Amino acid sequence: MLLALDIGNTNTVIGLHNGTSYEKHFRVQSVPEKMPDEYVLTFLGLFREHGIDPKSISRVVVASVVPALTDTMREAIGHVSSAPVLVVTPYVSLNVTIDTPHPEEVGADLIANACAAFERFGKNCIIVDFGTALTFVAVTSTGRFLGAAFAPGLNTAMRSLSGGTAQLPQVSLEPPPKVIGENTVHALQSGIVVGYSGLAEKLISEMDAELGGGSAVIATGGLSGALSRRIARIEEVDPWLTLSGLKLIADMNDG
């Protein structure tokens with residue numbers, strides 16, 4: 001059994017792969033202030049509740065964009081399982097080449113997404129990840145990771161707007177009935193959901209042009225469903241794309 005962890009700024013996604021597919025997925029809050037023992041209890045509680053024997057875990061792969069949590073999680077895992085732990089960096093074996101001036105700056109989640117998308121499409125591809133940050137990654141048909149574009153995530157933008165104003169509430173991220181919002185909720189939904197759709201379409205279009213055209217576009221992340229229906233260029237949505245990339249990377253570095 002492979003244990004995969006995608007440690008993000010807001011949530012940590014945990015997957016258990018049985019060799020054929022991910023049979024379990026969990027999502028827990030990422031809290032850098034927590035001690036390893038607290039995460040040990042989290043792991044053991046989840047495993048017990050779902051009938052998972054920690055001794056069945058033979059490999060562990062970790063992608064982290066929260067340095068303060070990387071060692072915490074590694075220590076916690078060490079108390080739960082004796083399996084070897086692979087931490088994803090640009091310098092482990094990959095099916096893509098990180099072709100940027102400073103590979104060490106590339107986030108492990110972006111690497112996993114790029115590996116999974118290139119494995120799936122085998123041509124120019126753009127990965128859009130709707131998470132705490134909204135990220136766009138460009139990979140060429142020869143497997144070169146060229147770079148990325150970042151914007152604040154939808155929830156991040158919403159929290160900033162509602163937290164910095166006296167009368168604007170947080171609202172659900174759903175498309176409004178029409179772009180001209182006739183109340184505060186619809187006005188916010190128009191600005192965030194419709195506005196971000198335009199942002200995504202523009203970045204996808206210009207990235208595709210720089211790649212030479214014909215790019216496959218895949219969306220992932222917890223909020224991918226909220227916007228993907230409004231963006232015609234997105235041809236596939238896979239909320240577990242990062243975990244697929246982690247499984248691929250784990251296999252390429254096994255042994």
- GNM, the chain, Cα, under 10 Å: largest mean-square fluctuation among T42, T12, T72? T42
- Considering only lysines 8 or more places apart in sequence, or on different chains, count the pairs in the chain whose C-alpha atoms sit under 26 Å apart. 8
- Report, largest value first, the span of the C-alpha coordinates of the stretch 113-224 along each principal axis, in whole Å. 50, 23, 19
- Message: Show log10 I(q)/I(0) for the stretch 174-213 at q = 0.24 Å⁻¹, two decimals, from a solvent-free Debye sum over equal Cα scatterers.
- Response: -0.68
- Query: When the helices in the chain are scored as -39500 (n - 2.57) per DSSP H run of 4 or longer and the sum is shared across all residues, what 222 nm value do you end up with, to the nearest 500 deg cm²/dmol?
  - Reply: -11000 deg cm²/dmol
- Item | Among beta bridges that DSSP assigns inside the stretch 1-135, antiparallel share in %, nearest 5 | 60
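Find the all-direction average of the projected area of the Cα convex hull for the stretch 22-174, expressing the result in square nanometres with one decimal place.
Details: hull surface 47.3 nm².
One quarter of the hull surface, i.e. the mean projection, equals 11.8 nm².
In the P(r) worked out for the chain, what percent of Cα pairs fall beyond 27 Å? It would help to have the intermediate numbers written out before the result.
Numbers: 13135 of 32385 pairs.
In whole percent, the share of Cα-Cα pairs in the chain beyond 27 Å is 41.
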- Task: Report the label-to-label distance for D99 and D53 in nanometres (one decimal), using points 7 Å from each Cα along the Cα→Cβ vector.
- Result: 4.7
- Query: What does the accessible area per residue of the stretch 99-253 come to in Å², with a 1.4 Å probe and no ligands, DNA or RNA counted?
  - Reply: 45
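Would you mind telling me the antiparallel percentage of the DSSP bridges in the chain, rounded to 5?
Working: 26 of 44 bridges.
Bridges in the chain that DSSP calls antiparallel: roughly 60 percent.
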- Message: Going by Cα centres, the stretch 48-103 and the stretch 182-255 are how many Å apart?
- Response: 24
- Given a cut-off of 15 Å, what percent of all Cα-Cα pairs of the stretch 41-113 lie beyond it? 61
- Message: Which of V139, V65, V88 ends up with the largest GNM mean-square fluctuation for the chain, with Cα atoms connected below 10 Å?
- Response: V65
- All-pairs Cα distance distribution in the stretch 1-81, expressed in whole percent, bin size 5 Å: 3, 15, 30, 29, 16, 6, 1, 0
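As a test of reading the structure, rank Y91, Y196 by solvent-accessible area (1.4 Å probe, protein chains only), most first. If you can, show how the numbers build up before the last one.
Details: Y91 155, Y196 25 Å².
I get Y91, Y196, largest accessible area first.
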- Message: Under the 0.36 nm per residue contour assumption, what length would be gained going from the current alpha-carbon distance of R233 and D71 to full extension?
- Response: 54.5 nm
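The values are calculated or read from the model by the stated rules, or taken from the named source; none is laboratory data. What you see is a predicted model, and the numbers here were worked out from it, not measured in a lab. Counting neighbours? That spans all protein chains shown, and the Cβs are built from the backbone with ideal geometry, glycine included. Please note that ligands, DNA and RNA were not included when accessible areas were found on the heavy atoms of the full protein model with its side chains. Shrake-Rupley method; radii C 1.70, N 1.55, O 1.52, S 1.80 Å.
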